[in-house]
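Contents: one structure, followed by commentary.
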Amino acid sequence: MHPRLAADLSQLPGLLEVTRRHATAFIDGLEDRPVVPAPSIPRAVPLPEHGGGLRAALAEFAERWEPGLSGGAGPRYLGFVTGGATPAALAGDWLTAAADQNSNTSLDGTGQRLERQTVGWLRELFGLSDAHRGTFVSGATMSNTVGLAIAREWLGERLGVSPAEDGAAALGAVRVLSGSPHSSVAKGLSVLGLGRAALVQVPVLPGREAVDPAALERALRESEGPCVVVANAGTVNTVDFDDLRAIAALRERYDFWLHVDAAFGAFAALSPEHAHLVAGLDLADSVCVDLHKWLNVPYDSAVQFTRRQDLQARVFRNAAAYLGPSDGDPDLVHLTPENSHRLRALAAWFTLQAYGRDGHREIVERCVAGARALGRAVESSSRLRLLAPVRLNVVCFTTSGEPDAGRLRALAADLADEVFVTPTLYAGVPALRAAFSNWRTGERDIARIIAALESVAARY
Ligand SMILES: *Cc1c(COP(=O)(O)O)cnc(C)c1O
């Protein structure tokens with residue numbers, strides 16, 4: 001063994017202890033570090049010919065890279081929809097790396113079994129029935145892409161061809177109908193050979209991001225043959241929800257695959273006050289839910305559900321003499337784009353085991369309360385204007401008067417020490433959005449967020 005490796009191996013417990021202290025200091029520092037520091041890119045250094053061992057690497061990291069890292073795991077990072085890592089999720093993630101399992105076949109199957117049981121818990125959490133099977137993937141983009149891949153194979157089944165065998169061209173032109181699709185849907189269609197142009201944007205209800213069911217029915221009538229509908233449960237700007245039951249009911253008259261992008265909106269199911277927003281989710285043929293957002297597990301984690309795992313295995317089957325079965329109860333290696341993957345389910349298992357449905361419901365409800373408090377502050381401010389009602393956990397707002405995209409970006413940059421929000425365009429109006437999804441965000445943070453916003457907005 002190389003002497004540096006041998007030295008680190010002989011001191012492993014002590015080195016992990018140093019690393020743990022380092023991690024703890026980072027997490028403790030989230031209160032005080034800039035939420036998003038001004039960029040300073042460390043100079044590039046040559047590939048080390050002779051490494052200095054773990055302790056020296058840690059010192060280099062602390063000096064050169066760590067100062068630029070954001071407080072993305074912390075309570076005032078409201079950009080995108082981010083979430084952090086609960087204590088149990090963090091521990092689960094550490095142990096995932098320590099155990100370093102490749103949980104993809106029944107030949108070495110404990111990891112796969114843990115993943116399946118965790119998927120079962122998640123199914124219950126989001127109100128899905130036993131008819132849905134699921135797997136872990138790396139994020140909602142991958143979950144949407146897998147759902148659309150199964151939809152592609154379903155279209156083939158309807159038309160008597162197999163895109164998995166014969167290529168996407170065997171389908172001819174495909175129509176994917178959606179009201180306010182997330183950008184990742186177009187990306188998935190590009191990857192799958194269906195093309196971004198397959199996406200047909202259907203009109204939304206007036207003043208809303210939810211699809212107009214009557215317009216969707218017209219679009220279905222115009223589609224010749226089977227097609228795909230992507231319904232949205234939680235849009236990124238205003239967290240609007242399509243009427244899933246009304247959409248599912250259209251299947252009595254029209255032939256389509258129903259995929260629901262519920263990346264973070266699925267968490268409405270945890271709150272009795274909001275569960276009605278996702279009523280009908282179980283009627284979907286495939287469902288996307290992100291976990292590294294509102295479940296507060298570290299990146300990269302999401303789940304995809306489907307009622308047609310048989311079609312999924314047709315798409316992702318990875319036939320090799322040394323691998324387990326792809327039919328019946330297929331091994332995970334046959335169900336997602338990845339073959340090898342880490343025991344990704346462990347962090348989710350840990351946080352659900354440690355805090356249960358109840359603990360995660362409290363996170364969801366506290367985030368909603370935070371968004372509402374910020375929404376009220378925006379409404380009562382003479383400098384800011386709320387662009388949509390706060391339906392769940394996102395506040396979409398702009399400056400009063402004539403909002404300007406450049407000035408809003410500058411405002412967001414001025415805020416970034418205290419609060420991170422991200423720019424958007426809503427109904428043609430340049431805007432900012434603040435998304436609450438971190439398990440730590442509490443009343444003191446809300447007060448800090450409102451104070452920072454008021455003082456910075458005064459300069460714009
Ligand atoms: C975040 C998000 C995605 C993409 O998720 P990633 O985890 O970034 O891949 C897709 N759809 C919706 C509605 C989202 O909010």
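Miscellaneous remarks
- Residue ID - surrounded by the fewest Cβ atoms within 10 Å (Cβ to Cβ), chosen from residues in segment 112-139 that are within 16 Å of the ligand (Cβ to nearest atom) and of a type in the set (S, T, N, Q): SER138
- Selected residue (only one of VAL239, VAL204, VAL211, VAL297 is touching a helix residue (DSSP H, G or I) at 6+ places or on another chain (Cβ under 6 Å), within 29 Å of PRO423 (Cβ to Cβ) and either within 16 Å of the ligand (Cβ to nearest atom) or hydroxyl-bearing (Ser, Thr, Tyr) (or both)): VAL297
- Of all residues in segment 140-154, those satisfying the criterion of being crowded, with 24+ Cβ neighbours inside 10 Å and among the aliphatic types (A, V, I, L, M) are ALA140, VAL146, LEU148, ALA149, ILE150, ALA151.
- Criterion violated by VAL202 - all others in (1) touching a Ser or Thr at 6+ places or on another chain (Cβ under 9 Å); (2) closer than 21 Å to SER129 by Cα; (3) of a type outside the set (S, T, N, Q); (4) surrounded by fewer than 24 Cβ atoms within 10 Å (Cβ to Cβ) satisfied: (2)
- Enumeration of residues in segment 36-49 that are more than 27 Å from the chain's Cα centre (by Cα) and modelled with pLDDT of 95 or more: PRO46, LEU47, PRO48, GLU49
- Residues that are among the aliphatic types (A, V, I, L, M) and either modelled with pLDDT under 95 or within 11 Å of the ligand (Cβ to nearest atom) (or both), drawn from segment 280-294: VAL289, LEU291
- Count of segment 69-115 residues which are of a type in the set (Gly, Ala, Ser) and at pLDDT below 95: 3
- Residues of segment 140-153 satisfying the condition of being within 16 Å of the ligand (Cβ to nearest atom) and among the hydrophobic types (A, V, I, L, M, F, W, C): ALA140, MET142, VAL146, LEU148, ALA149, ALA151
- Those residues of segment 112-130 which are farther than 16 Å from GLY356 by Cβ and out of contact with any helix residue (DSSP H, G or I) (no Cβ under 8 Å at 6 or more places or on another chain), in sequence order: ARG113, ARG116
- Residues (modelled with pLDDT of 95 or more, touching a Leu at 6+ places or on another chain (Cβ under 9 Å) and closer than 18 Å to PRO75 by Cβ) located in segment 19-35: ALA23, PHE26, ILE27, VAL35
- Residue match in segment 62-75 (condition: within 16 Å of the ligand (Cβ to nearest atom) and in contact with a Leu (Cβ under 7 Å, 6 or more places away or on another chain)): yes
- Test: ASP100 is touching a residue at least 40 places away in the same chain (Cβ under 8 Å), surrounded by fewer than 17 Cβ atoms within 10 Å (Cβ to Cβ) and acidic (Asp, Glu): yes
- Test result for LEU194, more than 16 Å from the ligand (Cβ to nearest atom) and on the phi < 0 side of the Ramachandran plot: yes
- Residue count for segment 214-236 satisfying the condition of being within 16 Å of the ligand (Cβ to nearest atom) and surrounded by fewer than 23 Cβ atoms within 10 Å (Cβ to Cβ): 0.
- Test: residue in segment 179-189 that is out of contact with any Ser or Thr (no Cβ under 9 Å at 6 or more places or on another chain), of a type in the set (Ser, Thr, Tyr) and buried (at least 17 other Cβ atoms within 10 Å of the Cβ): no
- Taken over segment 413-441, residues that are of a type in the set (A, V, I, L, M) and buried (at least 19 other Cβ atoms within 10 Å of the Cβ) amount to 8.
- Tally of residues being within 19 Å of ARG342 (Cα to Cα) and of a type outside the set (Val, Ile, Thr) across segment 121-166: 8
The values are calculated or read from the model by the stated rules, or taken from the named source; none is laboratory data. No experiment lies behind these values; they were computed from the predicted model shown. Virtual Cβ from ideal backbone geometry, glycine too; neighbours counted across all protein chains shown.
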